[in-house]
Amino acid sequence: MKPRMSMITLGVDDLKRSIEFYKNGLGFNSFAIAHNVSSEAEVISVINQAVQAGAILVKEPQKVFWGGFSGYFKDLDGHLWEIAFNPYTWIGPSDEAGP
């Protein structure tokens, strides 16, 4: 299995103002990160991989009301991750497509 990496880049106009907003304005000292994958099986695989590496399972992968499939875990720092498959959204070319 290929290693997976996730990165979130948030461009802001005023760093000081944004830090204040995310630190104090939301009353939530963490982030929920959503990572979309290409199938229900991949949701299960990613969550199992995370749990085997020490993450805490929060919500078993399951069908959700909007027609997708998702589950949640907390990483080693307590950040909440949603791993989801959305059958209505294309997430990019497949690895098999080539350059």
> Once phi is turned into θ = phi - 60°, what whole-Hz ³J(HN,Hα) does the Karplus curve with 6.51, -1.76 and 1.60 give for every residue of the range 79-91, x standing for Gly and Pro?
Replying inline: 6, 7, 10, 9, 10, 9, 10, 10, x, 9, 10, 7, 9
> HIS35's amide H: which non-local residues (gap 5+, or another chain) put their own amide H closer than 5 Å, with H modeled 1.01 Å from N in plane and none for Pro or chain starts?
Replying inline: GLU82, ILE83, ALA84
> Going by average Cβ neighbours within 10 Å, how do the peptides 15-25, 60-70, 36-46 rank, with the highest at the top?
Replying inline: 36-46, 60-70, 15-25
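Every number here is computed from the coordinates shown, using simple stated rules; none is lab data. Quick caveat, the model's predicted, so the values are computed rather than measured. Don't worry about glycine lacking a Cβ; one is built from the backbone with ideal geometry, like all the others, and counts go over all protein chains shown.
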